[in-house]
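To keep things clear, I will list the structure first and then write my remarks on it.
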Amino acid sequence: SQKIEQNSEALNIQEGKTATLTCNYTNYSPAYLQWYRQDPGRGPVFLLLIRENEKEKRKERLKVTFDTTLKQSLFHITASQPADSATYLCALVGSSASKIIFGSGTRLSIRP
Amino acid sequence: GAGVSQSPSNKVTEKGKDVELRCDPISGHTALYWYRQSLGQGLEFLIYFQGNSAPDKSGLPSDRFSAERTGGSVSTLTIQRTQQEDSAVYLCASSLVLAQSNEQFFGPGTRLTVL
């Protein structure tokens with residue numbers, strides 16, 4: 001069955017460092033991979049999307065990589081700030097777009 | 001509207017009662033999704049609508065769950081004879097069209113507690 005895993009439940013990073021979150025998947029060939037941010041008591045907010053034929057995507061301090069051979073995506077936040085503290089979810093989108101599979105998320109804490 | 005809205009924001013019910021959850025998507029968005037999120041868990045896909053049509057109901061946890069969408073806009077998720085394991089946050093999302101590259105815009109969710 002399809003499975004998606006995010007590297008750890010929680011990650012604590014010192015302010016100013018680069019935070020790296022991992023998303024691994026099995027038994028799936030996604031056409032797209034998306035990353036969302038979720039704050040407590042709120043719905044997820046879309047951050048970035050990367051296509052299967054793209055290796056890397058950047059947006060301001062965010063960088064996403066997508067390795068379809070390793071079946072892995074890495075999500076980087078450079079120059080991290082306490083305001084970046086949240087849960088980050090990766091999501092796989094298949095060819096039909098009708099179903100998106102979400103990971104359970106990684107709770108990121110940036111300490112001052 | 002400005003964003004996806006959901007009502008009620010919180011619902012506490014007794015086991016065995018029926019509940020109805022409402023989602024108002026962003027105006028003009030044709031695709032609508034329902035998810036369930038249990039404490040500390042990821043989002044569990046339930047059902048999607050393209051317009052008023054829901055072609056695949058296989059994600060619904062049991063036949064106690066049903067959903068409908070009317071006028072290509074508002075959607076309701078109904079849970080009959082609620083059980084304690086139905087307790088979760090129910091999230092609704094919409095996107096402009098049903099396309100792989102479209103981001104989903106999520107509502108704030110309805111927190112359902114079944115006593």
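Quick notes on this structure:
- Modelled FRET efficiency - R0 22 Å, B:Ser38 with A:Val45, Cβ distances, 0.05 increments: 0.65
- Among the chymotrypsin sites (Phe, Trp or Tyr not before Pro) in region A:27-75, those located in a DSSP loop and surrounded by at most 15 other Cβ atoms within 10 Å of their own Cβ are A:Tyr28.
- The mean number of partner chain beta-carbon atoms within 10 angstrom of a residue's beta-carbon across peptide B:40-52 is 4.
- Phi-based couplings in Hz for region B:25-30 (Karplus 6.51, -1.76, 1.60; Gly and Pro marked x): x, 5, 4, x, 7, 8
- 17 Å cut-off, amide nitrogen to a point 7 angstrom out along B:Arg22 Cα→Cβ, residues in region B:57-98: B:67-79, B:90-93
- Chain B - charge dipole about Cα centre, Lys and Arg +1 at Cβ, Asp and Glu -1, debye rounded to 20: 180
- Above-threshold pairs, the threshold being 26 Å between Cα atoms, out of B:Lys11/B:Lys57; A:Lys71/B:Lys57; A:Lys17/A:Lys55; A:Lys57/B:Lys57; A:Lys3/B:Lys15; B:Lys15/B:Lys57: A:Lys71/B:Lys57; A:Lys57/B:Lys57; A:Lys3/B:Lys15
- Three semi-axes describe the equivalent ellipsoid of the protein assembly as shown; taken as square roots of 5 times the Cα gyration tensor eigenvalues and ordered largest first, they are 30, 20, 16 Å.
- Taking the centroid of alpha carbons for each part, region B:61-99 and region B:1-42 are 7 Å apart.
- Low-density loop positions, trypsin sites (Lys or Arg not before Pro), region A:16-112 - DSSP coil, at most 11 other Cβ in 10 Å: A:Lys55
- Occluded residues from region A:81-112, i.e. those whose accessible area drops by 30 Å² or more once the chain is not alone (1.4 Å probe): A:Ala97, A:Ser98, A:Lys99, A:Ile100, A:Phe102, A:Ser104
- Protein heavy-atom accessible area occluded, A/B pair - total, 1.4 Å probe, Å²: 1600
- Extended-chain gain in nm, criterion 0.36 nm per residue less alpha-carbon gap, B:Lys15 and B:Ala2: 1.2 nm
- Across chain B, the relative contact order, built from alpha-carbon pairs under 8 Å that are at least six residues apart, equals 37 percent.
- Residue among B:Gly59, B:Gly42, B:Gly51 with the largest mean-square fluctuation in a Gaussian network model of chain B, springs linking Cα atoms under 10 Å: B:Gly42
- Per-residue ³J(HN,Hα) for region A:10-16, Karplus 6.51 cos²θ - 1.76 cosθ + 1.60, θ = phi - 60°, Hz, x for Gly and Pro: 9, 9, 10, 10, 6, 3, x
- Rg/Rh, computed from the Cα trace of chain B with Rh as the Kirkwood radius, has the value 0.95.
- Counting every C-alpha pair in chain A, the share spaced more than 20 angstrom apart comes to 36%.
- Heavy-atom accessible area, 1.4 Å probe, ligands and nucleic acids excluded: residues of region A:26-55 down by at least 30 Å² from chain alone: A:Tyr32, A:Tyr36, A:Gln38, A:Gly43, A:Pro44, A:Phe46
- On region A:3-111, 45 percent of the accessible area sits on carbon and sulfur atoms, based on a 1.4 Å probe.
The values are calculated or read from the model by the stated rules, or taken from the named source; none is laboratory data. Bear in mind the structure is a predicted one, so any value in this text is a computation, not a measurement. Ideal geometry is used to build each Cβ from the backbone, glycine not excepted, and the neighbour counts take in all protein chains shown. Surface accessibility is based on the protein's heavy atoms, side chains included, excluding ligands, DNA and RNA. Shrake-Rupley method; radii C 1.70, N 1.55, O 1.52, S 1.80 Å.
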